[in-house]
C-alpha cells in the first residue's frame, strides 16, 4: 500500500513539475501597443479581429495614445513596446534623441491614390485651389509634422505665413468645428474628411498634398507614418518582436488583398461612422522588408525635406531605422 501511495506521490509531483515548466511556454506574450484610433492604424485592428496576434501567441495590450508626442514619450520611457502608427518625422526626431527608440517594421504611403492628408473647405466657401485659402482661417491636425506639411503645401502655391491663420485642433474636434463654421478650411486626415463629405458640411479641395508638393510627384510614395517597435523591445525579447511583426505582416497582406473587407474593422475601432466606412480611402501599407530602392529613396527625400525646414534638427539616414526580421 505504501509503495502505491509513494508511486502516486511521485506521479503527482512529476505532473506538477511538468505543469510548472510548461505553463510559461503556453502563456501568451504581452506586447503593449500605443494605438491612435485612425484609419492608418487599421493593421492593428485587423490583426486583433482576425486572430493574427493570437496565432503568433501574442496578447496585445492597447494603450490609447492620441498623436505622435504621447507615443514617442511612451516609447522613450519603455511604457509601450510598439506604436501602431507614428508619423515618421516624429519617429526620426525621437531617434535623434534616443537612437533606435522608433524602429519601423512597416510604412504607410500616401499620395493622390492612397489618400490621407487633405485640405477641405466648409460648405458655402468658394474655393477651387489652395491659393484661394488666402485670408482664411484654417485648422490643422495636431503635431509639428502636420503643421509643417500644411504650411509647405500652402507655400508651394504662393501663400506665406500671415496670408492665413493656422491653428492646431484635436482630430476628434475637426468635424464639429467645420460644421459650426469656426474655421473656413482644414488640413485634416481620414476618416474625418470622409465623414465631413458624407455629412455634406465640407468638400475636399485637394488630397495627396505631400507627394505632390514635397516630393514633386502626385503618385510618389510619401512615407509619412508607419508602425514602430522599440529597439529595447527587439533586444530584450527578439522572438516576441519577430512574432509581433509576423502578425502585423499578415494583417497588411489581408488589407492589400481585401481592402473592402478590411475597411469594416474601422467601424467600431475608430471614429469612423458606420455609414462612412465603405468610402474611406486607405493608405498603402508596406512592410519594411518589401521596400524597393525607389521606396527608400522617396522616404529619404521626405525626411531630408523635414531637415531643410528645421522640423528635424539634423540629417537622418532612414535605413538605420528600418527593422526587418
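For residue 150, the stated conditions do not hold, so it cannot be described as in the same structural domain as residue 292 (by TED's automatic domain parsing) and either touching a residue at least 60 places away in the same chain (Cβ under 8 Å) or under 24 Å from residue 308 (Cα atoms) (or both). Filtering region 31-76 to residues that are at pLDDT below 90, over 21 Å from residue 110 (Cβ atoms) and part of a helix (DSSP H, G or I) leaves only 70. Here residue 157 passes the criteria (1) at pLDDT 95 or above; (2) closer than 26 Å to residue 290 by Cα except the one numbered (2).
With respect to residue 225, determine if the residue is closer than 21 Å to residue 298 by Cβ, in contact (Cβ under 8 Å) with a residue 12 or more places away in the chain and in the same structural domain as residue 286 (by TED's automatic domain parsing). Taking the combined requirement at face value, the residue satisfies it. So, residue 59, is that one in contact (Cβ under 8 Å) with a residue 24 or more places away in the chain and either buried (at least 23 other Cβ atoms within 10 Å of the Cβ) or outside the structural domain of residue 280 (by TED's automatic domain parsing) (or both) or not? When the stated conditions are applied, residue 59 does not pass them.
Just give me the residues in region 267-292 being part of a helix (DSSP H, G or I) and under 24 Å from residue 321 (Cα atoms), in sequence order. Answer for region 267-292, where residues must be part of a helix (DSSP H, G or I) and under 24 Å from residue 321 (Cα atoms): 288, 289, 290.
Please find, within region 147-166, the residue that is surrounded by the fewest Cβ atoms within 10 Å (Cβ to Cβ) out of those that are more than 14 Å from residue 210 (Cβ to Cβ) and touching a strand residue (DSSP E or B) at 6+ places or on another chain (Cβ under 7 Å). Among residues in region 147-166 that are more than 14 Å from residue 210 (Cβ to Cβ) and touching a strand residue (DSSP E or B) at 6+ places or on another chain (Cβ under 7 Å), the one surrounded by the fewest Cβ atoms within 10 Å (Cβ to Cβ) is 165. Looking across region 230-256, the residues that are assigned to a helix (DSSP H, G or I) and farther than 17 Å from residue 55 by Cβ come down to 231, 232, 233, 234, 235, 236, 238, 256.
Note on region 115-185: enclosed strands (runs of 3 or more DSSP E) holding 1 or more residues that are touching a helix residue (DSSP H, G or I) at 6+ places or on another chain (Cβ under 6 Å) are 118-122, 137-140. Of the residues 233, 223, the single one that is within 18 Å of residue 85 (Cβ to Cβ), surrounded by 20 or more Cβ atoms within 10 Å (Cβ to Cβ), modelled with pLDDT of 95 or more and under 18 Å from the mean Cα position of the chain (by Cα) is 223. Residue 214 fulfils the conditions (1) out of contact with any strand residue (DSSP E or B) (no Cβ under 8 Å at 6 or more places or on another chain); (2) at pLDDT below 95 except for a single criterion, (1).
Restricting attention to region 186-216, the residues being assigned to a loop (DSSP other than H, G, I, E, B) and touching a residue at least 60 places away in the same chain (Cβ under 8 Å) number 8.
The values are calculated or read from the model by the stated rules, or taken from the named source; none is laboratory data. All values derive from a computational prediction rather than experimental measurement. Methodologically, a virtual Cβ is constructed for each residue, glycine included, from the backbone with ideal geometry; neighbour enumeration extends over all protein chains shown.
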